[in-house]
Amino acid sequence: MSRLSRTTLVATAVAASLLATLAPAATATAEPTAARTEPAPAAETGGDGIPDLTDSRGRVLTLRGWNVGDKAHSGDAALSSVTEKHFRDMRAKGFNTARLLVFWDDLEPRPGQYSHRYLRTIEQVLDWAAAHDVKVVLDAHQDVFGPAFDHRGIPAWATRTDGLPFTPRPDDWFSEYFEPAVQRAFTHLYEDEDLRQAQARMWRVLADRFEDHPAVLGYDLINEPMGELREGEDLATAARRIERDQITPMYNRIADAIRSVDQDSWLFVEPTPIVGEGVPTGLGRIDDPKVVYAPHFYNGTMEAGGDYDPSARWIENYEAAITLYPKEHKVPVVVGEWGPLNNSAPNMNRFYREAMASLGRYGSGWTGWEWCYGGGYCAVDSTGAFRTNKELTAEPYAEAVAGRVGSAAYDPAAGVYRLEYRAAGPRGSRVTELALPPGDWKVAARGALVLRDRDRSRVRVLAVPDARVTVTVTRTAARP
């Protein structure tokens, strides 16, 4: 059972039966005023034709969470720094999603030999997530290809460089992606038939093992894919070519492999990291009905520890570029990574507020980098308290809406979240779920009943079919 208490679940059933007897009155209460906007079609969000992410009951999902991983340990010690505390603490602060880093080099240390110990370790982590009602996206993570270059990801046995040079750059690790050996390794991964098949088999093993796990929402097929620049190409042109001609076919191959064992989970596909600078992707169509576009949201200056510059209009440019692909291909958007290195710089309070507003305009959610206990990118410190400005990522939001969303927005200055939706028809779900961050919050609804969880961090809203519902969540006091 999830964190919702048995008492709350029973109360939900009782309230649902009560709604049936109150249907006429509830519907009348929810009639719109003249100023109310008609809810948007169920398949779209934000009015821009970008579809919503949905669950098996057709409810509109919003994901809010963090990356969880352990790059420091491998082999028998893989994932040893990840504990149940990660998921308990995330959920306690209102987050419902984790992007869990898994590494091909741990899963298949030798060709065709898969580590059952590693699979059991992943399963234990997923069990912890399920116990705290946290959804998980399994992310096939790589940094600078893998251990052949002293990083993690694609096994050394699957790394082919044709003898090209590699110079480590520990003070600027991302620049190592542009080393000739690393770029050639990506070309071989995309083009060599035996490596293509090995990658597909690896994914089939993962999906076959975890397709039925209650925590698993989907699979992120490869983290931050890169490729080989050709002579005379600028970076943006090369990225679009690599995405179109090499990464798109790779995603279709992996999708076919996963669908041979798992028909239901969402497939998260990433462009190259170059999109972080406002460059539209060259990705083509992924021939699958459950694809999520999962770009990352990083700015080069802030990645180097610099401050946010509002006058550069980076967020506006990013949003304009990043929404082109989902509009064209009709897929939801979930930003897989974001968050600056120096989150206490003078303009970072403004950055977090503007970034949260932007992410809410076009996306079905995000997973920040990263949930750990310390400094740097960590969301919280060693005591579990939010680090400077990270508390701005914790807002009230609707985890699952049983109906057509008209509008949903949080005003951080006023401390007010407002959700308007048209409840699903007679065959749809009745239950809308909200998550609340730490603090004291008042919840009111027109056209529906409200049930609070015992620890008051979760809310269920129950509406009769086709009712027009307005939910208002108001901050009354901050929790210490």
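Values for this structure:
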item: Extension gain from Glu193 to Glu303, taking 0.36 nm per residue of separation minus the Cα-Cα distance; result: 36.0 nm
item: Value at 222 nm in deg cm²/dmol, rounded to 500, when DSSP H runs of n ≥ 4 in the chain each add -39,500 (n - 2.57); result: -8500 deg cm²/dmol
item: Surface share of carbon and sulfur [accessible, 1.4 angstrom probe, percent] for region 185-247; result: 42 percent
item: Probe 1.4 Å, all protein chains present, accessible-area order of Asp262, Asp307, Asp48, largest first; result: Asp48, Asp307, Asp262
item: Cross-link table Lys85/Lys442; Lys93/Lys135; Lys85/Lys330; Lys71/Lys390; Lys135/Lys330, entries beyond 25 Å C-alpha to C-alpha; result: Lys85/Lys442; Lys85/Lys330
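The values are calculated or read from the model by the stated rules, or taken from the named source; none is laboratory data. Computed from a predicted structure; not experimentally measured. Accessible surface areas use protein heavy atoms only, side chains included; no ligands, DNA or RNA. Shrake-Rupley method; radii C 1.70, N 1.55, O 1.52, S 1.80 Å.
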